[in-house]
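Here is the structure we will look at, set down as structure tokens.
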Amino acid sequence: MDPNQMIIGVGVGVLQLVVGLVLAIASIYLGLALFGKFTKGIDEEEELKKGNVAVGILMAAIILSIANVVQSGVVGLTGALTIGFSLNAIIAGIIQLLVGIALAVVAIYMAINVLDKITKNIDEMEELKKGNVAVAILMAGVLIAVSFVVQAGVSGIAKAIGVAL
């Protein structure tokens with residue numbers, strides 16, 4: 001292999017890594033910020049400072065769920081950053097990422113609301129404030145399971161966008 005091609009390949013790989021990390025961190029930050037608006041009466045940061053394990057479990061599940069859903073958008077965008085990349089590929093990657101973030105946040109919100117309807121005798125947010133780990137684990141499981149289903153849908157949308165552009 002030509003040393004120049006190897007240097008270019010490593011440079012492109014590092015660029016993909018940096019772009020992927022920035023997008024992943026931004027997606028998680030945005031998702032957590034939006035999710036904070038959905039939780040009723042819980043100051044997540046204060047609860048974490050108090051050592052509320054239940055809130056910590058739920059926040060970790062939210063991060064995992066968002067990352068799982070948006071990963072196909074990040075992969076699409078970083079994949080476009082190869083030698084000979086096209087503007088259409090970058091646009092498709094950005095659209096995939098935005099769709100992934102939007103669907104992740106909507107899916108999390110809907111999953112929590114559906115769980116709230118199913119468990120009529122449990123006020124999940126109140127139980128989380130009390131530190132109820134069992135409720136947090138149940139909510140985490142629901143969020144992560146929903147994220148796998150939504151991620152499959154986002155991948156299908158991503159492929160359709162890539163073909164259309």
From the list ALA60, ALA33, ALA92, which residue is under 19 Å from VAL142 (Cα atoms) and within 22 Å of the chain's Cα centre (by Cα)? ALA60
Any residue that is in a helix (DSSP H, G or I) and of a type in the set (Val, Ile, Thr) - is there at least one of those in segment 121-132? no
Which condition does LEU115 not pass, out of (1) over 20 Å from GLY153 (Cα atoms); (2) modelled with pLDDT under 85; (3) assigned to a helix (DSSP H, G or I); (4) out of contact with any Leu (no Cβ under 6 Å at 6 or more places or on another chain), if it passes all the others? (2)
Of the residues ILE137, ILE122, which is out of contact with any Asp or Glu (no Cβ under 9 Å at 6 or more places or on another chain) and among the β-branched types (Val, Ile, Thr)? ILE137
Enumerated helices (runs of 4 or more DSSP H) restricted to segment 1-106, each holding at least 2 residues that are modelled with pLDDT under 85 and surrounded by 17 or more Cβ atoms within 10 Å (Cβ to Cβ): 3-38, 53-80
Does ASN121 satisfy being modelled with pLDDT of 75 or more, loosely packed, with under 14 Cβ neighbours inside 10 Å and of a type in the set (S, T, N, Q)? yes
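Which one of ALA140, ALA111 is closer than 28 Å to LEU23 by Cα, without any contact (Cβ under 8 Å) to a residue 60 or more places away in the chain and under 20 Å from the mean Cα position of the chain (by Cα)?
ALA111
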Check GLY156 against each of (1) surrounded by 12 or more Cβ atoms within 10 Å (Cβ to Cβ); (2) more than 26 Å from GLU46 (Cα to Cα); (3) among the small types (Gly, Ala, Ser) and name the one condition it does not meet. (1)
Restricted to segment 24-72, and to residues that are without any contact (Cβ under 8 Å) to a residue 12 or more places away in the chain and among the acidic types (Asp, Glu), which residue is nearest to ALA89 (Cα to Cα)? GLU45
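The values are calculated or read from the model by the stated rules, or taken from the named source; none is laboratory data. Computed from a prediction, not measured in an experiment: that's the story for all the values here. Cβ: placed from backbone, ideal geometry, glycine included. Neighbour counts: every protein chain shown.
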